[in-house]
Amino acid sequence: MIILINSKNIYVSFIAGVSALLFALHVPLQIDELSNWVLIYTVIGAILLLNHFKIILPLTGNSLSMDSAIFLACIFLFGLNVSLMVLLLSSLAYFFIRYDLAWWKHLFNTANYSIMIISAYYVFLLTGGEIGNIDITKLWAYFISLTVYFVLNVLIMWIFYFLSAKLSMNTVLKSLLSEDGLKEAFTGYLCTLVLSLVLLILLQSEPIFGMFLFISLSITVSFAFSKLISLYKHEEIKARKDFLTGLYNHGYFKLELDDIIKNNNDDEPFCVALLDLDDFKRFNDSNGHIKGDELLTFFGDFLLQKVKGLPYTAARYGGEEFGLIMPNTTQAKALSFVNKIRKEYNDSPFNGTECLPLGCLSFSAGIVQYEAGTYGSSELLAKADRALYYAKAEGKNNCQIFKEGLVDQESLQYKQEVDSLEKQLEIFLSKDIYTYQHSKRVFHYAVDMSEILQLTEEEKRRLILGALIHDIGKLEIPRDIINKKTKLETHEWEMMKKHVIYGKEILASTKKYDDLLPLVELHHEHYNGKGYPYGLKGDHIPKLARILCIIDSFDAMTTERPYQKTKNFKEAIRELRQCSGQQFDSNYVEPFIKMVECKYGDRVRS
């Protein structure tokens, strides 16, 4: 950084030195006639006035200062002496007007203009231009001198910004050579040339009155263009904003995403997240559509506040679904951010949430990180949507990162049995959504765990199905006990422990899943014999029940409830290792940890 600052200072000094040398070669600036002094003061006043009333270019919104048009007209009509005198006196006046600006910036600006003016003057003479006379047969002399004027300006300023580490060479070249950049440069170039020739004609016929007409015309154009750009911006905002939430709309979101993908450097990660408000239809049905609109507006304001000051784009994707574009963000950081705002949303008070299963506001989210070779925004959004589907399938109010290895329930060879048990499990949605979410997560862990253990196909089936239905007995536990947020009393805990017996009885009544009974009844038995319901020890506990005990305990440790602190993945892994050989069978602890680190590494590292 020190080298960059020194380089910038040296460069500013160099430009100032070159300018001083050029000035020295033209001293004294001889201006004898009083009429010329009157004109000089008039021109200086015009420059200072028009620096305030700049022309705003439509579409780009960038401003065009007309001082260059005045300097060029002075060169073409009065020559170098008058032009340099105008520059010196106007710069001195501007120094006192903008005293808040650093002195070296005033110096650098004046030096820059002096080099441009002197160079344009000599190029104009060398190309056959005549001072004081307008010769339409030599228009190319005006074009060439103006081109030199602008090229020097671009070159001098680009080097300054490059040395200041504000812009890289790539950024500048892309900006200049892009279609929009070339159009804007050509527009500025053409406007300045036309304005300088108009002023040249006016000054040649009636100097003072001509300057007055030019100022009046310029200020009128400035006001008209300002109004036009204001109207354009207003309509542009309306076209890209969602009227209800104040967020960007679906169309703008897609365009922004396409643009980021098009210009993305593969070394710079970025993520996309789709957020869906949980149980929004239930909220609408219970509270009415007006209240539903209020919730959408509330979430829009909430999301805007959370992305404020960040380079993120938040949009209403459609209905109760929202989108986030997160540039320069890895999937781990994206997950951390979305999870953080999800928890804050859980804790946000809003009337009417009593009808929701969680009793509070919640959303589910799917996150995907852009990878080189991605076909486009459609593929990226499809992956985010798939991750969102898994978040919903796991019981809502959670975030999922897209992975190719995510287990698709449709692909399981025993899908029919899973679907059958799923229907029984869905009863929890009306009574205890936390148990439903827990069961779904344990099910997914079991699927992943079954892939790395030396299990037969039948053992894999029993582990996965048993994991899905292992807590079915909690349907018999009173709602006030199962949803209690404080520590259970002794009699309540004894009641809670009976869920394994109730589960066995429920499952045994169907006769269809008798092979799953050991997992439902014995998944709380501990390897050291201190579990329940029977206090079985070691190998007396069926192998699959020992594996399920590890999975169930891990998810219980990391299960998140509003207003309740939980262990993160690192802390839960540490707990598993501490209890290995005591509560858990050590033969399966490390394989489970290895699976978690492999499949859920982002959460282990966060």
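Within segment 291-332, if we keep just the residues that are assigned to a helix (DSSP H, G or I), closer than 25 Å to residue 603 by Cβ and not hydrophobic (A, V, I, L, M, F, W, C), the residue that is modelled with the lowest pLDDT turns out to be 331. So in segment 117-141, with the set limited to residues that are closer than 21 Å to residue 39 by Cβ and of a type in the set (A, V, I, L, M, F, W, C), which one is modelled with the lowest pLDDT? Going through the qualifying residues, I end up with 134. Filtering segment 530-548 for residues that are under 22 Å from residue 339 (Cα atoms) and surrounded by fewer than 20 Cβ atoms within 10 Å (Cβ to Cβ) leaves an empty set. Beta carbons closer than 6 Å, at least 6 apart along the sequence or on distinct chains, pair a first residue in segment 297-320 that is assigned by TED's automatic domain parsing to the domain that holds residue 346 and of a type in the set (Phe, Trp, Tyr) with a second that is assigned to a helix (DSSP H, G or I) and modelled with pLDDT under 95 for 317/250. The test for being under 23 Å from residue 603 (Cα atoms) and touching a strand residue (DSSP E or B) at 6+ places or on another chain (Cβ under 6 Å) holds for residue 370.
In segment 483-495, the condition of being of a type in the set (A, V, I, L, M, F, W, C), within 16 Å of residue 551 (Cα to Cα) and over 37 Å from the mean Cα position of the chain (by Cα) is met by no residue.
Can you find a residue in segment 426-435 that is modelled with pLDDT under 85, outside any loop (DSSP other than H, G, I, E, B) and among the small types (Gly, Ala, Ser)? Looking through segment 426-435, at least one residue is modelled with pLDDT under 85, outside any loop (DSSP other than H, G, I, E, B) and among the small types (Gly, Ala, Ser).
Keeping to segment 391-405, report how many residues are at pLDDT below 85 and either surrounded by fewer than 16 Cβ atoms within 10 Å (Cβ to Cβ) or assigned to a helix (DSSP H, G or I) (or both). Of the residues in that region, 3 qualify.
Being at positive phi, assigned by TED's automatic domain parsing to the domain that holds residue 325 and modelled with pLDDT of 75 or more: is that true of residue 288 here? Here the answer is yes, as residue 288 does meet what is asked. Quick one: count up the residues across segment 349-389 that are of a type in the set (Ser, Thr, Tyr) and at pLDDT below 85. Number of matching residues: 4.
Residue 566 falls short on exactly one of the conditions (1) within 20 Å of residue 437 (Cα to Cα); (2) without any contact (Cβ under 8 Å) to a residue 12 or more places away in the chain; (3) part of a helix (DSSP H, G or I), and that condition is (3).
Please give the helices (runs of 4 or more DSSP H) falling wholly within segment 59-166 in which 3 or more residues are without any contact (Cβ under 8 Å) to a residue 40 or more places away in the chain. Before you say what the answer is, go through the steps one by one.
Working: elements: 67-78, 80-97, 103-126, 139-163.
In segment 59-166, 80-97, 103-126, 139-163 are the helices (runs of 4 or more DSSP H) which contain 3 or more residues that are without any contact (Cβ under 8 Å) to a residue 40 or more places away in the chain.
Only one residue in 303, 361, 335 is more than 15 Å from the chain's Cα centre (by Cα) and buried (at least 21 other Cβ atoms within 10 Å of the Cβ). Which one?
One residue alone meets the criteria, 361.
If the condition is being free of Cβ contacts under 8 Å to residues at least 60 places away in the same chain and within 40 Å of the chain's Cα centre (by Cα), then segment 452-464 contributes only 464. The set of residues in segment 360-379 that are assigned to a loop (DSSP other than H, G, I, E, B) and touching a residue at least 12 places away in the same chain (Cβ under 8 Å) comprises 360, 361, 362, 370, 372, 374, 376.
The values are calculated or read from the model by the stated rules, or taken from the named source; none is laboratory data. Being a predicted model, the structure only gives us computed values, none of them experimental. Counting neighbours? That spans all protein chains shown, and the Cβs are built from the backbone with ideal geometry, glycine included.
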